[in-house]
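K.L.:
Here it is, the structure in full.
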Protein chains: 2
Amino acid sequence: MGDVFKALADPTRRHILDELAERDDQTLFEICVRLTTKYQVTSSRQAVSQHLELLEAAGLVRTRREGRYKFHTIDTSPLEQIAERWIRTKPQENP
Amino acid sequence: MGDVFKALADPTRRHILDELAERDDQTLFEICVRLTTKYQVTSSRQAVSQHLELLEAAGLVRTRREGRYKFHTIDTSPLEQIAERWIRTKPQENP
DNA sequence: ACTATAGGCAAGTGACAGCTTGCCTATCAA
DNA sequence: TTGATAGGCAAGCTGTCACTTGCCTATAGT
């Protein structure tokens, strides 16, 4: 669970999630091109690849292999619980 | 906004928020004691102090000075928007 | 005034994160 | 088969992070 927060802590990874939220099923090269053109992210291919590994390890990105292409998909299910961890717990609650 | 994610990326800071969610208005020393007894966090006073600075800079903790005591309060308002950034955005939306 | 308590400031250290570089594998088209 | 494309592996570098250490300030009690 801490992996999700660490994954979200980097601005480049947040841009990757932004991009995958707009358009799913993108390859590594497609993501690289769109990061540079739309978000002015100048990271290399290997850097983006390592970010995608981390996002996949955190459960935020799922991958699907097809021939020599590897498509990446966003998975928002880990995000749906994390914020409520502290929001729901009010002070002076004593069961 | 990225400060919020970076603040949440550290397990000790998440424990601090857990503790402040349970009991508000705690001093630095109170937080230190409770971190060690309840969460087995062995950080020093200065380490916890630096974590609280970071949490305050991220807007997750508010402080109030009273004499030589400084009370810390959790503020969950930054958390209420962050997760929805990617959850709300569905693919194939084209305005 | 003096001592203890609550907290702050700043330099230093060890470890890890993000990134690059270079080379390698696998798939597809010609 | 050959060349080009998509991606992976691994070592190395650099900056940042979490933490410690030592000293300092300020408030409260006696």
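K.L.:
For B:ALA83, which of the numbered conditions (1) within 11 Å of chain A (Cβ to nearest Cβ); (2) more than 17 Å from A:MET1 (Cβ to Cβ) fails to hold?
P.N.:
Result: B:ALA83 fails condition (2) only.
K.L.:
Taking the range B:9-55 only, how many residues are free of Cβ contacts under 8 Å to residues at least 12 places away in the same chain and not polar (S, T, N, Q)?
P.N.:
Residues in the range B:9-55 being free of Cβ contacts under 8 Å to residues at least 12 places away in the same chain and not polar (S, T, N, Q): 8 in total.
K.L.:
Would the range B:24-46 turn up any residue that is within 25 Å of A:LEU79 (Cα to Cα), at pLDDT 95 or above and away from DNA strand D (no atom under 13 Å from the Cβ)? It would help to see each step written out before you state the result.
P.N.:
Here is the first cut: in the range B:24-46, the residues within 25 Å of A:LEU79 (Cα to Cα) are B:39.
Add one more test, that the residue is at pLDDT 95 or above, and what stays is none.
Checking the range B:24-46: not a single residue is within 25 Å of A:LEU79 (Cα to Cα), at pLDDT 95 or above and away from DNA strand D (no atom under 13 Å from the Cβ).
K.L.:
Being under 14 Å from A:LYS70 (Cβ atoms), open to solvent by less than 50 Å² (accessible area, probe 1.4 Å) and among the hydrophobic types (A, V, I, L, M, F, W, C) is the filter here; which residues of the range A:17-41 pass it? Talk me through it step by step, then tell me what you get.
P.N.:
Kept after step one, since they are under 14 Å from A:LYS70 (Cβ atoms), are these residues of the range A:17-41: A:20, A:24-32.
Now restrict to residues that are open to solvent by less than 50 Å² (accessible area, probe 1.4 Å): A:20, A:24, A:26-28, A:31-32.
Those that are under 14 Å from A:LYS70 (Cβ atoms), open to solvent by less than 50 Å² (accessible area, probe 1.4 Å) and among the hydrophobic types (A, V, I, L, M, F, W, C): A:LEU20, A:LEU28, A:ILE31, A:CYS32.
K.L.:
Anything in the range A:28-53 that is more than 24 Å from A:ASP3 (Cβ to Cβ) and more than 10 Å from DNA strand C (Cβ to nearest atom)? List them, or say none.
P.N.:
Those that are more than 24 Å from A:ASP3 (Cβ to Cβ) and more than 10 Å from DNA strand C (Cβ to nearest atom): A:PHE29, A:GLU30, A:VAL33, A:ARG34, A:THR36, A:THR37, A:LYS38, A:GLN40.
K.L.:
Related question: Read through the list (1) more than 9 Å from DNA strand D (Cβ to nearest atom); (2) touching a residue at least 12 places away in the same chain (Cβ under 8 Å); (3) open to solvent by less than 70 Å² (accessible area, probe 1.4 Å); (4) not hydroxyl-bearing (Ser, Thr, Tyr), then give the number of the only condition that A:ALA83 fails.
P.N.:
All conditions are met except number (2).
K.L.:
Next question. Identify, from the list A:THR63, A:THR73, A:THR42, A:THR12, the residue that is at the interface with chain B (Cβ under 10 Å from one of its Cβ atoms) and touching a helix residue (DSSP H, G or I) at 6+ places or on another chain (Cβ under 8 Å). Spell out the reasoning first.
P.N.:
Numbers: A:THR63 fails: at the interface with chain B (Cβ under 10 Å from one of its Cβ atoms); A:THR42 fails: at the interface with chain B (Cβ under 10 Å from one of its Cβ atoms); A:THR12 fails: at the interface with chain B (Cβ under 10 Å from one of its Cβ atoms).
Only one candidate passes the filter, namely A:THR73.
The values are calculated or read from the model by the stated rules, or taken from the named source; none is laboratory data. None of the values given here were measured: they were computed from a predicted structure. A quick note on method: Cβ atoms are made from the backbone with ideal geometry, for glycine too, and the neighbour counts reach across all protein chains shown. For the accessible areas, the whole protein counts, side chains as well, though only heavy atoms, and no ligand, DNA or RNA atoms are used. Shrake-Rupley method; radii C 1.70, N 1.55, O 1.52, S 1.80 Å.
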